[in-house]
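> Would you mind keeping the following structure in view while I ask a few things?
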Ligand SMILES: Nc1ncnc2c1ncn2[C@@H]1O[C@H](COP(=O)(O)OP(=O)(O)O)[C@@H](O)[C@H]1O
Ligand SMILES: [Mg+2]
């Protein structure tokens, strides 16, 4: 087994040995299901639009809770010294942890399968937006994860990591929203629109897969993983 | 096996290590001795490729730490200071993880893990969370992870700190056993550790190398100096004005007072006549009453104190 896989496996195990993970998953599932179903049967629309649309807001809290301990704990316990003196390259360590957190997120999202099943049973949904929506959710989740992991790597304190990640994610989510775009100088509008996570999410979640959105997400993820590598390397400065 | 040349490390304005050079030969157990803050941990972090030096070079088994860090790391087992471990994993899971990260082939993995469990006597705690282990067991898990890939070199940063006397003896015996096959650098700020386990000692203070040699060589270097313990009944200020005038006296210190006898520790230097004789005649001349003259060779401790204060 490769080094990245070995590390990812151990990280994933660390998620599941902690009771916090189960609490987190439960809250995530209850919240996402409840917010959806409490209006679903009234609306009588066989669509997951609302479910998908709320994900960025749920992720705002959920993802920083996943990522906050990953590097911060490693620094606090001092285990980072053991990890980084194993024959592992910095980028392998960063990638291993990212992959583990993504698998964790994937599992959580897979557990919401009850929602599309209900929708399919109670109506005849258009599957395009549902599949697109899930894809968008995964991409956006991965982007938040990369950001959260980077922030976790610059502090020893999990709570600080959580709060800063939440604020940064919030900021990146809203800068593409209309109420922000109206209130800034016109010159910045295209930039903010491009940088905002929200605007890219909307088009994907309508089932429209545009290469510009994909490029945005992949560069976002790459950028923060790169920053994460730099931050792990910063002990060498 | 390990060559450290003109090593320096600065953290911001703190100069943690200055121009340190030494060598460790294959199969040698080197004691790295120095008070807290001397720069031992920093030097070890550099050798294990955790942080780079500000200046100087280190090569391990012929590989440069900056050019071939992965080759260096593969040959080293490292026990960092205060033994950081993943507290939420079971001992078994953790050893398995390290074995994977060390790329031990699957065919040998089980066997290596079994062997290391035996060497470090970990059998009874395999299924326990590392976080629940006693300090002694944690230390053994730390040693186990350092040795799981059977490295030629072990770097152990204060391996016995925080242990109780029995555990200390156990770990020292383990290190001694390992030292027969492996090259080991072991840091400590405790003296007996060095004479108990090491072939050679280097002493570092405020980032600088102040002495190196076998424990007995160091003792010899300082052997010109003996220590004289003497209890004298007289006025303190009289004694302390006369002592400096005697030519055998290098340093002295009042160490005890009992029934108006003042007990002094006098570090001597080589002179024509015997220090005891000189002290005795000085006492007679000044009407002091002597109740003790006791000579001793410098212990490792005195050498250490002398070099680092
Ligand atoms: N990360 C760091 N940042 C700043 N100063 C440090 C750091 N690590 C160690 N030092 C300083 O470097 C000096 C040497 O420390 P260290 O190598 O830990 O000594 P020792 O292990 O011998 O006790 C000390 O003065 C310490 O305060
Ligand atoms: Mg130290």
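> Using alpha carbons only, how many degrees (0 to 90, rounded to 10) separate the axis of helix A:3-17 from the longest principal axis of chain A?
Value to nearest ten degrees: 70.
> Among A:84, B:1, which comes first, then next, by fewest other beta-carbon atoms within 10 Å?
In order of increasing Cβ crowding within 10 Å: B:1, A:84.
> For a quick size check, give me the Cα extents of the protein assembly as shown along its three principal axes, largest first, whole Å.
So the three principal-axis extents are 115, 59, 46 Å.
> For the range B:100-131 and the range A:101-152, what is the separation of their C-alpha centers, rounded to whole Å?
38 Å
> Oh, and also: Kirkwood Rh over alpha-carbon pairs of the range A:2-236, then Stokes-Einstein at 20 °C and 1.002 mPa s: what D in µm² s⁻¹, rounded to an integer? Before the final figure, lay out each step's value.
Values: Rh = 18.7 Å.
Using the Kirkwood radius from Cα pairs, D works out to 115 µm²/s.
> Starting with the fewest neighbours, write out A:173, A:31 ranked by other beta-carbon atoms found within 10 Å of each beta-carbon.
Values: A:173 20, A:31 15.
Taking fewest neighbouring Cβ atoms as first place, the list is A:31, A:173.
> Nearest 10 degrees, 0 to 90: what angle lies between the long axis of helix B:165-179 and the longest principal axis of chain B (Cα atoms)?
Result, in degrees: 70.
> Could I ask something else about it? For chain A, what's the relative contact order in percent, using C-alpha pairs closer than 8 Å and at least 6 residues apart? The partial results should precede the final answer.
Details: 271 pairs, mean separation 66.3, N = 237.
Dividing the mean separation by the residue count of chain A yields 28 percent.
> Can you tell me the 0 to 90 degree angle between the C-alpha axis of helix A:127-152 and the longest principal axis of chain A, rounded to 10?
Long axis of A:127-152 versus the principal axis of chain A: about 30 degrees.
> From the helices alone, meaning DSSP H stretches of at least four residues, give me the mean residue ellipticity at 222 nm for chain B, per-run term -39500 (n - 2.57), in deg cm²/dmol to the nearest 500. Show your work: numbers first, answer last.
Values: 11 runs with 110 residues, N = 309.
For chain B, the value works out to -10500 deg cm²/dmol.
> Then there's this: What is the order of A:168, B:198, fewest Cβ neighbours within 10 Å to most?
Values: A:168 17, B:198 24.
The fewest-first ordering by Cβ neighbours comes to A:168, B:198.
> When only C-alpha pairs under 8 Å and at least 6 residues apart count, what is the relative contact order of chain B, in percent? Present the calculation step by step, with values, prior to reporting the outcome.
Values: 558 pairs, mean separation 61.4, N = 309.
Across chain B, relative contact order equals 20 percent.
> List the relative contact order of the range A:158-237 as a percent without decimals, with contacts defined as Cα pairs under 8 Å and 6+ residues apart.
Details: 40 pairs, mean separation 16.8, N = 80.
Relative contact order comes out at 21 percent.
Every number here is computed from the coordinates shown, using simple stated rules; none is lab data. Just so we're clear, the structure is a prediction, and the values are computed from it rather than from any experiment. Please note: Cβ atoms are built from the backbone with ideal geometry, for glycine as well, and neighbour counts cover all protein chains shown.
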